[in-house]
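What follows draws every value from the coordinates through simple rules; no lab data is involved. Please read these numbers as outputs of a predicted model, since none were measured by experiment. Here the Cβ is made from the backbone with ideal geometry for all residues, glycine too, and neighbour counts use every protein chain on show.
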Ligand SMILES: C[S@@+](CC[C@H](N)C(=O)[O-])C[C@H]1O[C@@H](n2cnc3c(N)ncnc32)[C@H](O)[C@@H]1O
């Protein structure tokens, strides 16, 4: 991968769920709740191999595992082996057989295979250039069956800037050790990049009076794409724009604004 700063995904994948996951593993995250509603909304059927789904950038299987358990015919794809290992271990623990392979938007080679491809929680923000977006969307187009759907879920950085609030430090539990996750973020307008800078401090063992020490630092650079650009790249790849949801709670009959871009595209019928 070009972006060498993603040390969380490559070096510390076992921390991902503690840092950004749910408090308990059985808790349903807003993104999981949204995708479950979306599958019903789009009449994607369980146990139907013609309704094959791809979870692109499946990470630690936070969505892949529960959807497999519900009976959806679903595959996951993930570029980082460490993240894949965590997903497989979690699935084994729950006696669930997941289908997960190594790959990315850039390497997706399937042909008319999927009824639905989704990328939840900012997977596409790791693409670094217009060329990568267009190539990736062409790969998505090829991989979808005719009338197949692509759902891309990204942060809407412009909405976040509008109500900017410095994130509060968060108490975390890392393999039984108490720590503090301190995140700062903001735009680098010269590069249209959003910098997400996370630091973890751990309390020193056995000596409670010692100052916490910096254990780890992780910088993610995310592309600040907006819906207009995304629609344009998708159109170049042959995909038709269908609709956009502004939050995980947004529904066609009950609009709820938020700071996400959850854009839906469709491959036209031949
Ligand atoms: C914030 S995590 C979200 C993981 C998962 N989708 C979820 O909702 O829990 C972003 C994921 O995108 C993956 N990713 C990064 N670059 C990618 C690319 N070029 N293609 C596909 N996935 C990518 C990362 O490895 C990571 O698993």
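Counting neighbouring beta carbons within 10 Å and listing from fewest to most, the residues 109, 124, 56, 224 come out as 109, 224, 124, 56.
Please order 81, 132, 175 by the number of other Cβ within 10 Å, starting at the fewest.
175, 81, 132
Using only the C-alpha atoms, the convex hull of the chain corresponds to 136 Å³ per residue. If R0 is 45 Å, the Cβ-Cβ spacing of residue 180 and residue 269 corresponds to a FRET efficiency of close to 0.30.
In terms of other Cβ atoms within 10 Å, 17, 173 run from fewest to most in the order 173, 17.
Spacing of the modelled spin labels on residue 240 and residue 259, each 7 Å from Cα toward Cβ, amounts to 3.5 nm. Comparing 59, 186, 148 in a Gaussian network model of the chain, where Cα atoms under 10 Å apart are tied by springs, the biggest mean-square fluctuation is seen for 186. Full extension of the chain segment joining residue 93 with residue 162 gains 20.6 nm, where the gain is 0.36 nm per residue of separation less the Cα-Cα distance. Here the stretch 159-223 was treated as a single set of alpha-carbon atoms; its pair distances binned every 10 Å from 0 give 19, 42, 25, 12, 2 percent. Remark: relative contact order (the chain) = 17 percent; criterion is Cα-Cα distance under 8 angstrom and separation of 6 or more residues. The slack between residue 228 and residue 145, meaning 0.36 nm per residue of separation minus the straight C-alpha distance, is 27.4 nm. How big is the gap, in Å, between the Cα center of the stretch 90-129 and the Cα center of the stretch 233-258? One Cα centre to the other: 20 Å. Counting only DSSP beta bridges whose two residues both lie in the chain, roughly 70 percent are antiparallel.
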